[in-house]
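Let me give you the structure first, and then I'll get to my questions.
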Amino acid sequence: MRKARFTGWGRIALMGAAEGAAGGGLFGLVYFPAVLRHLPAGPTLASYAALYAAACLAWGVGYAYLAATQPQVNRFPALSGLSFGIVVYVVAQLVLYGIAAEQIHTAAQVAFGLSATCMFFGLPVALISRLFERMR
């Protein structure tokens, strides 16, 4: 069995930022039109965008750390990415419910949110992580 090797925080942070930015950008392009009518205007929109960007980067760095310390994560990037998308969706919903910023969704809204998070955030993050691993 291959021993996990720690490659350093600088490399993890850069790879994670790239992964999070790519996944967050793609997810934003898909999800933004669905929530367009519910977005606030003015400075609140800017603060939402900054919070979204920070969360995407943090999730990307978290995945990069996991991939750097657990080599089996990148062995099956599709499975890892879809699983990561489920974790991101569930944790995000728990945080939003916890701060009373989210309302109860219909089954169709949950299905759309979960599938969009898996396909357009988790999967790109995992595939980019696998690409970075192969470039090493």
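Would you work out which of A13, F32, M135 lies farthest towards the positive end of the dipole of segment 9-135, given +1 charges on the beta-carbon of Lys and Arg and -1 on that of Asp and Glu, about the Cα centre?
Final value for the positive-end residue is M135.
For T69 and L29, what is the calculated FRET efficiency with R₀ set at 35 Å and r taken between the beta-carbons, to the nearest 0.05?
So the FRET efficiency works out to roughly 0.70.
Go ahead and estimate [θ] at 222 nm for the chain from helices alone: -39,500 (n - 2.57) per DSSP H run with n ≥ 4, summed, over the residue count, rounded to 500.
Computed mean residue ellipticity for the chain: -25500 deg cm²/dmol.
Which number comes out as Rg/Rh for the chain once both Rg and the Kirkwood Rh are worked out on C-alpha atoms?
1.01
Can you list the DSSP H helices in the chain whose Cα atoms extend at least 30 Å along the helix axis and whose mean Kyte-Doolittle hydropathy is 0.5 or higher?
9-35, 43-69, 77-98
How big is the charge dipole of segment 9-135 about its Cα centre, in debye rounded to the nearest 20, if each Lys and Arg gets +1 on its Cβ and each Asp and Glu gets -1 on its Cβ? Working shown, then result.
Values: 5 positive and 3 negative charges, 44 e Å.
Around 200 debye, computed over segment 9-135.
Each reported figure results from applying straightforward, stated rules to the coordinates on display, with no laboratory input. Source: prediction; values computed, not measured. Positions of Cβ are generated from backbone atoms using ideal geometry, with glycine treated the same way; all protein chains shown enter the neighbour counts.
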